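Some notes on the structure that comes next.
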Amino acid sequence: MTVVWINGAFGAGKTTTARELIELIPNSTLFDPEVIGGALAHLLPPKRLAEVGDFQDLPIWRRLVIDTAAAMLAELGGTLVVPMTLLRQEYRDEIFGGLAARRISVSHILLAPAETILRERIAGREVPRDLPDGDARIRQWSFDHIEPYRTALASWLTADAHPVDTSDLSPYETAVRIAGAVTDGSVPVCDIVQTPEPTAETVAAGVLLFDEQERVLLVDPTYKAGWEFPGGVVEPGEAPARAGVREVAEETGLHLDEVPRLLVVDWERPAPPAFGGLRLLFDGGVLHSAEAGRLLLPGPELRAWRFVTEAEAADLLPPVRYERLRWALRARERGAALYLEAGVPVG
């Protein structure tokens with residue numbers, strides 16, 4: 001099962017190109033995630049919708065895009081052509097990682113006309129007849145998102161997606177070029193780790209590693225949103241501490257000589273569709289500057305690493321994960337392990 005994801009700025013011609021493309025790729029179907037956004041406008045309370053500036057900021061939208069794409073491919077097979085602007089890398093990671101977890105490969109295409117051409121197309125864009133009052137609003141929305149698009153181009157988008165310069169191409173010509181590139185392998189499948197989704201509660205082991213300034217090491221996974229501690233799911237029959245040591249070696253290239261000391265055991269409550277489970281954090285000790293200099297990243301699994309203070313970690317970690325870290329640091333100071341439930345000490 002395959003997804004051809006057509007990215008680009010608002011007004012770049014993604015949907016028009018996608019309609020042409022499904023006529024060129026055998027057994028392909030169009031899936032426009034805008035439909036999910038439109039449905040949420042009727043499903044969610046106005047107060048919740050008012051809390052976000054874009055429906056992409058709603059976790060439920062990102063989850064439904066993954067689930068709907070997987071359900072359509074399970075029903076129809078073949079290739080799903082998805083025209084959708086994604087300018088935030090963490091959202092790309094979450095959606096593409098969720099598809100990869102379902103063993104769905106993604107070919108990422110970027111429609112990249114020159115900015116002058118893009119602005120001309122936005123200015124001349126036709127608005128559906130049932131939205132006459134939205135003409136100026138839709139055009140302004142597209143113009144306002146040129147700057148975020150430019151920022152994404154400069155930081156990650158061109159390195160991640162296969163660009164197609166559509167400045168002098170019609171939508172049909174663009175579709176022909178994409179179909180050829182997908183067919184002959186010019187567009188590689190996104191190099192993103194495939195982490196199977198759990199089917200029951202899991203046990204996961206993380207290891208805290210510190211630099212000489214007592215800052216803690218965090219890593220940035222490509223397959224899910226948010227920073228993390230080095231670590232992962234404990235395999236059947238594997239001791240949790242040994243799993244943490246194994247994951248540290250796989251993710252950073254560092255081999256710990258001793259079994260790390262337990263800091264916290266945290267029960268993460270189920271939050272459908274996630275199952276939750278036990279989350280353990282261990283103390284991997286201090287890395288001296290020479291050891292820290294040997295830190296490696298395994299390519300598709302992690303994007304970056306950094307040592308951070310406790311305060312800096314609060315801006316990078318999801319709230320429950322940050323609470324887990326906070327109490328792990330207190331346990332390290334006191335020399336006694338703690339038991340938590342959803343990041344809160346119990347007992």
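Are any residues in the range 298-347 more than 25 Å from the chain's Cα centre (by Cα), closer than 16 Å to D283 by Cα and not aliphatic (A, V, I, L, M), and if so, which ones?
Result: W327, R330, R332, E333, R334, G335, Y339.
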Tell me which residues, restricted to the range 303-347, are touching an Asp or Glu at 6+ places or on another chain (Cβ under 6 Å) and closer than 20 Å to D93 by Cα.
R303, A304
What tally of residues in the range 250-266 results from selecting those that are buried (at least 18 other Cβ atoms within 10 Å of the Cβ) and among the basic types (K, R)?
0
Matching residues in the range 147-162 - criterion: being open to solvent by 80 Å² or more (accessible area, probe 1.4 Å), without any contact (Cβ under 8 Å) to a residue 60 or more places away in the chain and either out of contact with any helix residue (DSSP H, G or I) (no Cβ under 9 Å at 6 or more places or on another chain) or within 23 Å of S107 (Cβ to Cβ) (or both)
E147, A154, A159
Of all residues in the range 1-54 being among the charged types (D, E, K, R), modelled with pLDDT under 95 and under 27 Å from T166 (Cα atoms), which is surrounded by the most Cβ atoms within 10 Å (Cβ to Cβ)?
K14
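Results for (1) of a type in the set (K, R); (2) at negative phi; (3) open to solvent by 60 Å² or more (accessible area, probe 1.4 Å), shown as yes or no for each residue.
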position	(1), (2), (3)
A290	no, yes, yes
R294	yes, yes, yes
P318	no, yes, no
R330	yes, yes, no
R334	yes, yes, yes
Could you tell me whether any residue of the range 305-326 is at pLDDT below 90 and in contact with a Pro (Cβ under 9 Å, 6 or more places away or on another chain)?
yes
Kindly provide the set of residues from the range 80-108 that are touching a Pro at 6+ places or on another chain (Cβ under 8 Å), assigned to a strand (DSSP E or B) and not hydroxyl-bearing (S, T, Y), ordered by number.
V82
With a cut-off of at least 3 residues that are aliphatic (A, V, I, L, M), name the strands (runs of 3 or more DSSP E) lying wholly within the range 201-289.
202-210, 216-221, 261-268, 277-286
All helices (runs of 4 or more DSSP H) inside the range 1-56 with 1 or more residues being of a type in the set (K, R):
14-21, 46-50
Given the conditions (1) surrounded by fewer than 20 Cβ atoms within 10 Å (Cβ to Cβ); (2) hydrophobic (A, V, I, L, M, F, W, C); (3) touching a residue at least 24 places away in the same chain (Cβ under 8 Å); (4) closer than 16 Å to T202 by Cα, which single one is not true for L280?
(1)
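The values are calculated or read from the model by the stated rules, or taken from the named source; none is laboratory data. Everything quoted here is computed from the prediction, not taken from an experiment. Here the Cβ is made from the backbone with ideal geometry for all residues, glycine too, and neighbour counts use every protein chain on show. Ligands, DNA and RNA are stripped out before the accessible areas are found, and what is left, the full protein with its side chains, is counted by its heavy atoms. Shrake-Rupley method; radii C 1.70, N 1.55, O 1.52, S 1.80 Å.
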